[in-house]
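Some notes on the structure that comes next.
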Amino acid sequence: EAGVTQSPTHLIKTRGQQATLRCSPISGHTSVYWYQQALGLGLQFLLWYDEGEERNRGNFPPRFSGRQFPNYSSELNVNALELEDSALYLCASSLSGGSSYNEQFFGPGTRLTVL
Amino acid sequence: AQSVTQLDSHVSVSEGTPVLLRCNYSSSYSPSLFWYVQHPNKGLQLLLKYTSAATLVKGINGFEAEFKKSETSFHLTKPSAHMSDAAEYFCVVSDLAYGGATNKLIFGTGTLLAVQP
């Protein structure tokens, strides 16, 4: 069974540009989560999508946005990139949300570098 | 609000000796607690989870953790370290809000485990 996949592996952008990161969940999973792992800040929750809807959002500015498609894959968009957006962005998927007991399976991440 | 504190940022052990990675939690409700491991250039992998069943939880690769409510702790242990255990370990609590889960995982700052030959 294929795990969570993310693309691209690495992404290099300059300040002010937009970045788009993609995630495909495990087959049968309808929930997708995005986390940021920045140096010195640890792993922080960004967004949770379930059944195409945004269910929860972490403490990030509105220029971090995303969506979930009918096939449950997801896109994370970061507008007006800033240097401090440089981080590893991890996507996770789980069975339908609403329970604290659904294991989240993580992808390998996209390394975003903002120059 | 829920939170976890990992008491050691770095732990170094010799191969074949016991591993202890410490984690304390804070939660207004009965928490769901997890330990994840992250090997270099790889994603996070779930080692084990506590969800209010047995207080001693066994995970993969010989790891286990004990939930101690009186001490608000969830320490990760392994009797004998292997070189392949070298990685970063995260203690995690599932965020809960009044009325139900939010599905948001709150991560500790991580403990880097080094295993010396």
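How high is the FRET efficiency from residue B:8 to residue A:111, r the C-beta distance, R0 45 Å, rounded to 0.05?
My answer for the efficiency is 0.95.
Relative to the Cα centre, the charge distribution of chain B, modelled as +1 at Lys and Arg Cβ and -1 at Asp and Glu Cβ, gives a dipole magnitude of about 240 debye. Taking 16 Å as the straight-line reach from the Cα of residue B:104, the lysines in range (excluding those fewer than 8 positions away in the same chain) are B:49.
Could you give the size of the charge dipole of the protein assembly as shown about its Cα centre, using +1 on the Cβ of each K and R and -1 on the Cβ of each D and E, expressed in debye and rounded to the nearest 20? Show your work: numbers first, answer last.
Numbers: 16 positive and 18 negative charges, 37 e Å.
Its charge dipole is roughly 180 debye.
Considering only A:14, A:76, A:4, the residue lying farthest towards the positive end of the dipole of segment A:1-87 is A:14, judged by Cα position with unit charges set on Cβ.
With an 8 Å cut-off on Cα pairs and a minimum separation of 6 or more residues, tell me the relative contact order of chain B in percent.
Details: 302 pairs, mean separation 42.1, N = 117.
Reported relative contact order: 36 percent.
For a paramagnetic label modelled on residue B:66 (point 7 Å from Cα along Cα→Cβ), amide N atoms under 17 Å away belong, within segment B:16-36, to B:18-25.
Sequence neighbours fewer than 8 away in the same chain don't count; with that in mind, list the aspartates and glutamates whose C-alpha is under 14 Å from residue A:13. In chain and number order, the partners are A:82, A:84, A:85. What is the sum of charges, Lys and Arg at +1 and Asp and Glu at -1, for the other residues whose Cβ falls under 11 Å from the Cβ of residue B:89? After counting each charged neighbour, the total is -1.
In the calculated pair-distance distribution of the protein assembly as shown, the portion above 34 angstrom amounts to 14 percent of the Cα-Cα pairs.
Largest GNM mean-square fluctuation across B:87, B:53, B:65, computed for chain B with C-alpha springs under 10 Å, falls on B:53.
How much accessible area is lost when chains A and B come together, counting both sides, with a 1.4 Å probe, in Å² rounded to the nearest 100? Don't skip to the end; give the middle numbers.
Values: alone 6250 and 6390 Å², together 11000 Å².
Chain pair A/B: roughly 1600 Å² of buried accessible area.
For segment A:21-26, putting each phi into the Karplus relation 6.51 cos²θ - 1.76 cosθ + 1.60 with θ = phi - 60° gives couplings of 10, 10, 9, 10, x, 5 Hz, in residue order, rounded to whole numbers and with x for Gly and Pro.
Mean separation of Cα pairs under 8 Å and 6+ residues apart, divided by the residue count of chain A: what relative contact order is that in percent? List each step's numbers first, then the result.
Details: 299 pairs, mean separation 41.5, N = 115.
It rounds to 36 percent for chain A.
Mean sequence separation of contacting Cα pairs (under 8 Å, at least six apart), scaled by the length of segment A:28-93, corresponds to a relative contact order of 37 percent. Along the charge dipole of chain A, pointing to its positive end and built from +1/-1 on Cβ of Lys, Arg, Asp and Glu, which listed residue (A:40, A:96, A:114) has its Cα farthest out? So the residue furthest toward the plus end is A:114. One quarter of the surface of the convex hull around the alpha-carbon atoms of segment B:1-111 equals 6.8 nm², the direction-averaged projected area.
Full extension from residue A:51 to residue A:83: what is 0.36 nm times the residue separation minus their Cα-Cα distance, to one decimal in nm?
8.3 nm
Sorted from longest to shortest, the spans of the Cα atoms of segment A:10-73 along the three principal axes equal 35, 20, 20 Å.
The values are calculated or read from the model by the stated rules, or taken from the named source; none is laboratory data. Computed from a prediction, not measured in an experiment: that's the story for all the values here. Note that each Cβ is placed from the backbone with ideal geometry, even for glycine, and that neighbours are counted across all protein chains shown. The accessibility values were calculated without ligands, DNA or RNA, using every heavy atom of the protein model including side chains. Shrake-Rupley method; radii C 1.70, N 1.55, O 1.52, S 1.80 Å.
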